[in-house]
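Engineer: Mind looking over this structure? Questions follow.
The values are calculated or read from the model by the stated rules, or taken from the named source; none is laboratory data. Here the structure is a predicted model, which means the values were calculated and not measured. Note that we place each Cβ from the backbone using ideal geometry, even for glycine, and neighbour counts take in every protein chain shown.
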Amino acid sequence: MFMFEKFLLSSSAVLAQEAASSPGGGLTQTLVMIGIALVFFYFILWRPEQKRRKVAEKMRSSLKKGDRVTAMGIIGKVDKIQDQTIILKMVDGAKIEFLKAAITDVQATAPEEEVANQS
């Protein structure tokens, strides 16, 4: 235990001497670290989130009547599309109005289902 404390004290003394000998180096090092952090946040957090939002917006803008969608865990078929909202038709025939932003998943209707619905 004593050796560990002695090591910590000696290493902190060396670091203090280095910091005192190069006052400008501390600012440069800080700016470099901030720059690295900004690049990290851009490529790891911000850019992937932008891509995810673009995909979701494209999915919501391509909605059409008859698509099967999931909104906040509720599954239904698109009955009517308005500017900011859509009306979903449930299995039992009930209709619910949702904001387009609440749509999390879209499954386009299969061609066989479209033919069956038109008949």
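Engineer: Please enumerate the residues belonging to the range 71-109 that are polar (S, T, N, Q), in contact (Cβ under 8 Å) with a residue 24 or more places away in the chain and not in a strand (DSSP E or B).
Structural biologist: Within the range 71-109, Thr109 is the sole residue that qualifies.
Engineer: Considering every residue within the range 49-64, establish whether at least one is over 18 Å from Val106 (Cα atoms), at pLDDT 90 or above and part of a helix (DSSP H, G or I).
Structural biologist: Yes, the range 49-64 has at least one match.
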